[in-house]
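Structure first, commentary second.
The values are calculated or read from the model by the stated rules, or taken from the named source; none is laboratory data. Predicted model only: the values in this text are computed from it and were never measured. Note that each Cβ is placed from the backbone with ideal geometry, even for glycine, and that neighbours are counted across all protein chains shown. When the accessible area is computed, the model is the full protein with side chains, heavy atoms only, and any ligands, DNA or RNA have been set aside. Shrake-Rupley method; radii C 1.70, N 1.55, O 1.52, S 1.80 Å.
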Amino acid sequence: MQVSELLEYVSDKRLRSIGEKVLKGERLSFDDAVYMFYSNELTFIGALAEYVNRKKNGMFAYFIVNRQINPTNICVYQCSFCAFGVVKSDPRAYEMSLEEILKKVEETYAQGGREIHMVGGLPPHWKVEDYIRLVREIKKAFPKITIKAWTAVEIHHMSKISGRSYEDILKELIDAGLEVLPGGGAEIFSERVRKIIAPYKANAEEYLEVHRTAHKLGIPTNATMLYGHIETYEERVEHMLKLRELQDETGGFQVFIPLAYWPEGTRLGGKRTSSVDDLKTIAISRLFLDNFNHIKAYWITLGEKIAQIALNFGADDLDGTIEEEKIVHSAGTKSAYGHSKEKLIKLIRDAQKIPVERDTFYRPVSIYSS
Ligand code: V47
Ligand code: SF4
């Protein structure tokens, strides 16, 4: 059945008019997106989102052979939703040596890995040079590996401790081999929520300014949203609106990644998100962020099965093999720590999409059409 035919089955007039806007390619408003969050018509919203996704990405679903490395979990910020960051005296505190990190990169490179996603805690004793050195040493040893490292929160922190501008720090990191910024640290931009869950780290304006600066310097970035804790639906849409506005200005975002909150071991506590909420958030982000090419179904937070359904509700990317996820596993996620390339291909095929191995910049490397 065509999506246009589906419209006839929707008795809710407001939702039908949102559907008509989508079919005409018109931009959705703040109120449209909030309305969908309160609606119970999940399958209709999902069908609309998948219609938009197929126009953008066809039947392709992307993945990358990559590895996450978290050099340390020592963190001065102590955000209440995070079970990963600990104080230096905590028995769980760790800091990897450069040798340990290079060994992990080597393993990944030997298995055809293309990307290192490196983020971590913010230890009180680290200087800007420590962050830059890790990028430089990895790139020196493995020039073909793409380094996606340090969130806007980390860049802001480096600026705070050194008095240097974002531009100055980013230029030096780019010179050392940084090619893309990951999207972490956005959480929810609302000041009300940030005061409670992340009062000390970079705020919304600072996060967005780091990304704006990276885009001006010519490197792309990713964007995230942590949802399902204490934020309202309106605050989710306000968050996405700020990203959509910056994307209109710079065009530098590659992908939007909704991150479902996991509460175990956090000071904030609370409950896990429902699968309906997960799928609705994926679908609404696909519909609202009309200027983003990609929506990531991050299997670490969604779980593999919901991630597969998400690939039919507007998402087109699974992230990657990851190998060793620590941040969300500290908070209780039940997904695997990593998956082989073959497993990701199977997950995508079973979701009835065509697996495409990509590089960090969404350029296809191999298409697994049969
Ligand atoms: O910024 C922390 C989140 C993020 C919890 O850019 C939690 O391609 C759920 O940003 N429950 C880091 N989430 C991960 C991230 C990311 C992941 C994959 C790809 C990309 C990309 C970025 O994890 C943090 C924070 O928002 N997080 N604690 C938690 N309890
Ligand atoms: Fe530190 Fe990031 Fe965890 Fe906040 S979310 S405590 S900044 S590691």
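First measure r as the distance between the Cβ atoms of Phe37 and Met1, then evaluate 1/(1 + (r/R0)^6) with R0 = 25 Å and state the FRET efficiency to the nearest 0.05.
My answer for the efficiency is 0.50.
Need one number: convex hull volume per residue for segment 225-370, Cα atoms only, in Å³.
111 Å³
Please compute the alpha carbon radius of gyration of the chain, then divide it by the globular-protein estimate 2.2 N^0.38 Å. Two decimals is fine.
Expressed relative to 2.2 N^0.38 Å, the Cα Rg reads 0.96.
For segment 268-339, treating each Cα as an identical point scatterer without solvent, what Debye log10 I(q)/I(0) comes out at q = 0.22 1/Å?
Rounded to two decimals, the profile gives -0.99.
Work out how much length Lys160 to Asn291 would gain on full extension: take 0.36 nm times their residue separation and subtract the Cα-Cα distance, in nm to one decimal.
Extra length available between Lys160 and Asn291 comes to 44.0 nm.
With only Lys, Arg, Asp and Glu charged, each at its Cβ (+1 for the first two, -1 for the last two), find how big the charge dipole of segment 1-154 is about the Cα centre; round to the nearest 20 debye. Walk me through the numbers on the way to the answer.
Numbers: 22 positive and 20 negative charges, 96 e Å.
So the magnitude is around 460 debye.
Could you tell me what percent of the accessible area of segment 1-147 is made up of carbon and sulfur, with a 1.4 Å probe and every protein chain present?
52 percent
At a probe radius of 1.4 Å, what is the per-residue accessible area of Glu95, in Å² to the nearest 10?
Its heavy atoms expose roughly 90 Å² to the probe.
Can you run phi through the Karplus equation (6.51, -1.76, 1.60; θ = phi - 60°) for segment 100-105 and list ³J(HN,Hα) in whole Hz, with x for Gly and Pro?
Values, residue by residue: 4, 5, 5, 5, 5, 4 Hz.
Cut-off under 22 Å on the C-alpha distance; same-chain residues fewer than 8 positions from Lys21 excluded. Which lysines are left, in chain and number order?
In chain and number order, the partners are Lys13, Lys55, Lys56, Lys242, Lys280.
Using alpha carbons only, how many angstrom separate the centre of segment 95-149 from the centre of segment 280-297?
With segment 95-149 and segment 280-297 each reduced to a Cα centre, they are spaced 30 Å.
Using the Karplus curve 6.51 cos²θ - 1.76 cosθ + 1.60 with θ = phi - 60°, work out ³J(HN,Hα) for each residue of segment 203-220 in order, rounded to whole Hz, and write x for Gly and Pro.
Values, residue by residue: 8, 4, 4, 5, 4, 5, 5, 4, 5, 4, 5, 4, 4, 4, 7, x, 10, x Hz.
Which lysines does Lys140 reach when only Cα atoms under 19 Å apart count, and residues fewer than 8 places away in its own chain are ignored?
Lys103, Lys104, Lys148, Lys171
If you take the alpha carbon radius of gyration of segment 150-294 and divide it by 2.2 N^0.38 Å, what ratio comes out, to two decimals?
Working: Rg = 15.3 Å, N = 145, 2.2 N^0.38 = 14.6 Å.
Ratio of Rg to 2.2 N^0.38 Å for segment 150-294: 1.05.
Give me the compactness ratio for segment 1-131, meaning the Cα radius of gyration over 2.2 N^0.38 Å.
Cα Rg divided by the expected 2.2 N^0.38 Å: 1.66.
About the Cα centre, and with charges only on the beta carbon of Lys, Arg (+1) and Asp, Glu (-1), how big is the dipole of segment 167-253? Nearest 20 debye, please.
Dipole about the Cα centre, nearest 20: 220 debye.
Can you compute 3J(HN,Hα) from phi for each residue in segment 157-170, using the Karplus curve 6.51 cos²θ - 1.76 cosθ + 1.60 with θ = phi - 60°, rounded to whole Hz and x for Gly and Pro?
Each residue of segment 157-170 in turn: 4, 4, 5, 5, 7, 10, x, 8, 6, 4, 4, 4, 5, 5 Hz.
Please go through segment 120-228 and write out the trypsin sites (Lys or Arg not before Pro) that DSSP classes as loop and that have at most 10 other C-beta atoms within 10 Å. Mind showing how you got there, number by number?
Values: sites: Lys127, Arg133, Arg136, Lys139, Lys140, Lys144, Lys148, Lys160, Arg164, Lys171, Arg192, Arg194, Lys195, Lys201, Arg212, Lys216; in loops: Lys127, Lys144, Arg164, Lys201.
Loop-located and lightly packed - Lys144.
So what's the projected area for segment 304-370, the Cα convex hull averaged over all directions, in nm²?
On the way: hull surface 19.5 nm².
Quarter of the Cα hull surface area: 4.9 nm².
With a 1.4 Å probe and every protein chain left in place, work out the accessible area per residue of segment 217-370 in Å², rounded to a whole number.
Averaged over the residues of segment 217-370, the accessible area is 36 Å².
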